[in-house]
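Read through the structure below, which is laid out as structure tokens, and then see the notes.
The values are calculated or read from the model by the stated rules, or taken from the named source; none is laboratory data. Please read these numbers as outputs of a predicted model, since none were measured by experiment. Cβ: placed from backbone, ideal geometry, glycine included. Neighbour counts: every protein chain shown.
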Amino acid sequence: MHVKTLILGAGLTGLSTAYHLEQRGETDYLVLECKTQPGGLCASQTVNGFTLDAGGHLLHLHTPYGKKLVKRLLKSNLLCRTRRAFVYTGSSRVPYPFQANLYALPEAERKACVNGLLEASQSPAAAPHNFKQWCLQAFGRGVYEQFMRPYNTKLWGLPPEKLTCDWCGPFVPLPKRQEVLQSAQRRLTKAYGYNRSFYYPKHGGCGALVQALAARVTHLRTRARVTQVDLKNKTVRAGGQSYSFDTLVNTLPLPAFLRLLTGEKRLSAYAKQLQNRSIRVYHLAINRAVKPFSWIYFPDKTDPFYRVGLQSGFSPYNAPEGTSLFYIELPPDAPPSKRRIWNALVQKGIIKESDKALLSRWQPLPYAYAVYDQHRSRAVRQALAALAKRGCFCAGRYGRWEYSFMESSLLEGKTLAEKLV
């Protein structure tokens, strides 16, 4: 079949693109999705009364249109939450962000952070070439060694000197140096970071948002895994069928998409320059309601996970009353040991040894993070430019191979639809 606009992937960006095309009267499109239901990593599933998301998926809405769109889609099925996040390192429980709550550290570690910042303030400022240099300039060696280096090495799988700093943007809170120094003496009242508050569906997990979007998308085909893309002849092979198009929209992970191209050796070669960080998510439910929190970061090597979130804290309807549901994110090289995870959670005081597990489930995420190494920026820029010249536009967190949040995906779909119309 032939369509004017063919959209690959029914995740948040693909659905948003289709939705906004229809809002502008353009109905000659088709969305192809490999899974049995739309949503991508934003899809949720319900197991024994527990609603599971693929890790932490929260709505950080900072634009008037983003808020308007989400409220239009979810109506009364929306909650607003205040962040309650922490960093657990050693024996310390530090409120997030670490660099603005130094008062919670032991005296020796607190002093090291203050001295490091004072030394950094006396050093001449220069454009940082990597994430390590950026951290040292912004926070000093104490904060870098105690949190920034171990946590980001655990998360990205690379030491900070191998990462660029063009991803930091809103994702690493940057308080003023005087505020960091003040935080060593007392708790500050100011909240930092793009995620100090967030929205979340009351019912249905984050998947409620993609379901609301998908309900407004007329032309969607599931169980259609893309196996070949021919840009020269403007055809796509998916689910055993062939589709031709005038314009192609890709929201699949960029390196995976590039490997699907036929007769495009130069373009396909860019895939080798794009690194991916996979993770494993472990869903755990227990028979007791724990003290509410949002999520906790774990930089220490002794802890198998790097982040633990309380899924039942986002909405009470994510778990039956009197129970708790956690999502636990682990690096791909962490041993998949349930007992080790349980013991670490007990040791950190998150659960008790006497608690009983009501649900235990693994979920691998082959594509979790686009790695910002020295090759990414140039490879992405050149690949996207070459694809656009061929009538293929990439959008979204994975299509553009970037680090972003859910609102960005919604807005990119809107912008792209306007451009196509």
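Quick one: would you say SER76 is part of a helix (DSSP H, G or I), surrounded by fewer than 17 Cβ atoms within 10 Å (Cβ to Cβ) and among the polar types (S, T, N, Q)? No.
Criterion applied to PRO95, PRO106, PRO160, PRO124 was being over 27 Å from PHE305 (Cα atoms) and either in contact with a strand residue (DSSP E or B) (Cβ under 8 Å, 6 or more places away or on another chain) or not assigned by TED's automatic domain parsing to the domain that holds GLU329 (or both), and the one residue passing it is PRO124.
Yes or no, residue by residue, for (1) aliphatic (A, V, I, L, M); (2) modelled with pLDDT of 95 or more:
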| position | (1), (2) |
| --- | --- |
| LEU274 | yes, yes |
| ILE279 | yes, yes |
| HIS283 | no, yes |
| ASN287 | no, yes |
| PHE293 | no, yes |
| GLY313 | no, yes |
| ILE328 | yes, yes |
| PRO332 | no, no |
| PRO336 | no, no |
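Residue-by-condition table, conditions (1) polar (S, T, N, Q); (2) in contact with a helix residue (DSSP H, G or I) (Cβ under 9 Å, 6 or more places away or on another chain); (3) closer than 30 Å to GLU418 by Cα:
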| site | (1), (2), (3) |
| --- | --- |
| GLY207 | no, yes, yes |
| ALA238 | no, no, yes |
| ASP246 | no, no, yes |
| VAL308 | no, yes, no |
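Pairs are defined by a Cβ separation below 6 Å, a sequence spacing of at least 6 or placement on different chains, a first member in the range 109-137 that is within 29 Å of SER377 (Cα to Cα), and a second member that is surrounded by 14 or more Cβ atoms within 10 Å (Cβ to Cβ) and hydroxyl-bearing (Ser, Thr, Tyr); the pairs so defined are CYS135/TYR144; LEU136/TYR144. Applying the criterion of at least 3 residues that are of a type in the set (Val, Ile, Thr) and surrounded by 14 or more Cβ atoms within 10 Å (Cβ to Cβ) to the strands (runs of 3 or more DSSP E) found wholly in the range 265-351 leaves 276-286. Every condition in (1) modelled with pLDDT of 95 or more; (2) touching a Pro at 6+ places or on another chain (Cβ under 9 Å); (3) of a type in the set (Gly, Ala, Ser) is met by ALA138 except one, and the failing one is (1). The residue list LEU384, LEU359 contains one member that is out of contact with any Ser or Thr (no Cβ under 8 Å at 6 or more places or on another chain), at pLDDT 95 or above, on the phi < 0 side of the Ramachandran plot and assigned to a helix (DSSP H, G or I), which is LEU384. Screening PHE86 on (1) under 22 Å from the mean Cα position of the chain (by Cα); (2) surrounded by 14 or more Cβ atoms within 10 Å (Cβ to Cβ); (3) closer than 16 Å to LYS190 by Cβ shows it passes everything except condition (3). Residue count for the range 1-31 under the criterion of being part of a strand (DSSP E or B) and either crowded, with 24+ Cβ neighbours inside 10 Å or of a type in the set (Ser, Thr, Tyr) (or both): the result is 6.
Checked across the range 115-122, the condition of being exposed (fewer than 13 other Cβ atoms within 10 Å of the Cβ), within 27 Å of ASP166 (Cβ to Cβ), modelled with pLDDT under 90 and not hydrophobic (A, V, I, L, M, F, W, C) holds for at least one residue. In the range 158-172, the qualifying residues are those that are crowded, with 18+ Cβ neighbours inside 10 Å and either in contact with a helix residue (DSSP H, G or I) (Cβ under 6 Å, 6 or more places away or on another chain) or not aromatic (Phe, Trp, Tyr) (or both), and the one that is modelled with the lowest pLDDT is CYS168.
Residues in the range 73-102 that are closer than 19 Å to GLY193 by Cα and in contact with a helix residue (DSSP H, G or I) (Cβ under 6 Å, 6 or more places away or on another chain): VAL87, VAL94, PHE98, GLN99, ALA100, ASN101, LEU102. Would the range 26-36 turn up any residue that is touching a Pro at 6+ places or on another chain (Cβ under 9 Å) and within 20 Å of TYR199 (Cβ to Cβ)? No, every residue in the range 26-36 fails to be touching a Pro at 6+ places or on another chain (Cβ under 9 Å) and within 20 Å of TYR199 (Cβ to Cβ).
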